[in-house]
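Structure, as structure tokens:
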Amino acid sequence: MTAPAKTSGKTGETADKASGTTGETADKASDTASGTASGGTSAGTAGKASSGAGAPEHTPADPCGERGPGVGTGGGGLDVFLTGQVFMDMIFTGLPGLPPPGTELVTDGLGSAPGGIANIAVAMSRLGLRTGLAAAFGDDMFGAYLWRTLAEQESVDLSSSLRVPGWPTPVTVSLAYDADRSMVTYTRPLDVPADSLVAEPPTARTCFVDIDRPVPDWALAARANGSLVFADLGWDPTETWAGHVLDRLDDVDVFLPNAVEAMAYTRTATPEAALDVLAGRVGTVVVKLGSRGAIAASGSERAAASALPVEALDPTGAGDVFAAGFVFATLKGWPLQQRLQFANLVAGLSVRHHSGSLGAPCWGEIAAFGESGEVPAEDLEQYAFVVPHIPEAEIGRGPDSVTRAEPTLR
């Protein structure tokens, strides 16, 4: 993926302009980390709040620089719209192991970041997709941090979201250890389901839903108006893996389960067998294989791609970053093989960081990785197609030019 001395990526496509640059300084990244811990929008009512309401004078620095108008051909509307629950993720790192009952572990690694549906919203926005989110936020300190981080730092459109007085923001504590994690979540019921925030869906080229429950009416309406519906699903805590869940794929265009989920719901023994079953129910299906990459089917076409060969520090949110990359590549009209490769690339870059949603790469990091020598040149060859789509300002700047928002609350 080595960049040429003079790139052919000097195009007028809005998608190339959308990604923005990362010429911010390390000091600004540090400012972002401390600035997002306080401030935010004050909720006087449970009505919809604008992203600028009650914002403090200091605006968090954008870790991706200027992001641009998205991958469309211009005009209004979003590239992707989604709903769901946002969590406050607290991520403990540097653990020697998991704490046995009655013991205490002390670590010097603690990160905080928007979690839940925010994982994929941030990853999409960092790739330059115009991203809209409908979600409920508590009116506590965590809710203020999450709102401000998403709206101001990560450029996610929250015009369909709201602040709920008296409702505590959901919190997940993640214990990252040995390239995996264990989690504990606190959440209280919300009287207003996230899907009900959308009386009428905004204009969007795609929408993203979770088929753990029926496809919401707003997504059905969006699909009827030409939007592509992408879907994922989570772990079934009952482990019954009810077959009727797959009936919801009738209202879906692209399905992105992981291997365990795909095999469980299809009652098959291998990811490849699960892919074959699912390919008969939905136009495009991708089965995520974690460190082994991913396989996909679209009609009669099949594709497989290996994972990026990097050291995984924290897989939190990697599946969401993968999905964001696949949505971006689909909107770009890339072939199925390249869609898989790009999704694996951005997901692989994300697991090198202990930071959940804030580990999602910006284009500056994608460009710098190609120049870093971190993986052999022959492994980078398969990503050469990405180079013309990297914003020109990001090529040749080197890995030290990439700044990230530190997720630790200070």
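Only residues in the range 238-256 that are closer than 28 Å to Gly226 by Cα and touching a residue at least 24 places away in the same chain (Cβ under 8 Å) count as the first member; pair them with residues that are open to solvent by 40 Å² or more (accessible area, probe 1.4 Å) and of a type in the set (A, V, I, L, M, F, W, C), Cβ under 8 angstrom, at least 6 apart or cross-chain, and list the lot.
Hits for this filter: Asp251/Leu220; Asp253/Leu228; Val254/Leu228.
For residues that are among the charged types (D, E, K, R) and either touching a Phe, Trp or Tyr at 6+ places or on another chain (Cβ under 7 Å) or assigned to a strand (DSSP E or B) (or both), scanning just the range 299-328, find the one that is surrounded by the most Cβ atoms within 10 Å (Cβ to Cβ).
Among those that are among the charged types (D, E, K, R) and either touching a Phe, Trp or Tyr at 6+ places or on another chain (Cβ under 7 Å) or assigned to a strand (DSSP E or B) (or both), it is Arg302.
Take the range 78-113 and flag every residue that is crowded, with 24+ Cβ neighbours inside 10 Å and either of a type in the set (A, V, I, L, M, F, W, C) or at pLDDT below 90 (or both).
Answer for the range 78-113, where residues must be crowded, with 24+ Cβ neighbours inside 10 Å and either of a type in the set (A, V, I, L, M, F, W, C) or at pLDDT below 90 (or both): Val80, Phe81, Leu82, Val86, Phe87, Met88, Asp89, Ile91, Gly111, Ser112, Ala113.
What's the number of the condition Gly166 fails, among (1) within 22 Å of Trp218 (Cβ to Cβ); (2) open to solvent by 30 Å² or more (accessible area, probe 1.4 Å); (3) without any contact (Cβ under 8 Å) to a residue 40 or more places away in the chain?
For Gly166, the failing item is (1).
Look at the range 68-77 and say how many of its residues are over 16 Å from the mean Cα position of the chain (by Cα) and at pLDDT 65 or above.
Going through the range 68-77 one residue at a time, the tally reaches 3.
Being in a helix (DSSP H, G or I) and either open to solvent by 20 Å² or more (accessible area, probe 1.4 Å) or of a type outside the set (Gly, Ala, Ser) (or both) is the filter here, so list the residues in the range 329-343 that pass it.
The answer is Thr330, Leu331, Leu336, Gln337, Gln338, Arg339, Leu340, Gln341, Phe342.
Take the residues in the range 137-160 that are under 18 Å from the mean Cα position of the chain (by Cα) and open to solvent by 10 Å² or more (accessible area, probe 1.4 Å), then tell me which one is farthest from Met90 (Cα to Cα).
Among those that are under 18 Å from the mean Cα position of the chain (by Cα) and open to solvent by 10 Å² or more (accessible area, probe 1.4 Å), it is Asp157.
Is the range 264-276 home to any residue that is open to solvent by 20 Å² or more (accessible area, probe 1.4 Å), within 27 Å of Arg205 (Cα to Cα) and in contact (Cβ under 8 Å) with a residue 12 or more places away in the chain?
Checking the range 264-276: not a single residue is open to solvent by 20 Å² or more (accessible area, probe 1.4 Å), within 27 Å of Arg205 (Cα to Cα) and in contact (Cβ under 8 Å) with a residue 12 or more places away in the chain.
Are any residues in the range 226-238 touching a strand residue (DSSP E or B) at 6+ places or on another chain (Cβ under 9 Å) and either of a type in the set (A, V, I, L, M) or over 20 Å from Val321 (Cβ atoms) (or both), and if so, which ones?
Gly226, Ser227, Leu228, Val229, Ala231, Leu233
Taking the criterion of being part of a loop (DSSP other than H, G, I, E, B), surrounded by 21 or more Cβ atoms within 10 Å (Cβ to Cβ) and touching a strand residue (DSSP E or B) at 6+ places or on another chain (Cβ under 9 Å), would at least one residue in the range 169-176 satisfy it?
For the range 169-176, residues part of a loop (DSSP other than H, G, I, E, B), surrounded by 21 or more Cβ atoms within 10 Å (Cβ to Cβ) and touching a strand residue (DSSP E or B) at 6+ places or on another chain (Cβ under 9 Å): present.
Taking the range 202-243 as the search range and keeping residues that are open to solvent by less than 20 Å² (accessible area, probe 1.4 Å) and in a helix (DSSP H, G or I), which one is nearest to Leu278 (Cα to Cα)?
That would be Ala219.
The values are calculated or read from the model by the stated rules, or taken from the named source; none is laboratory data. These figures come from a predicted structure and were not determined experimentally. All Cβ positions, glycine included, derive from the backbone under ideal geometry; neighbour counts span all protein chains shown. To get the accessible areas, we keep the full protein, side chains included, count just its heavy atoms, and leave off ligands, DNA and RNA. Shrake-Rupley method; radii C 1.70, N 1.55, O 1.52, S 1.80 Å.
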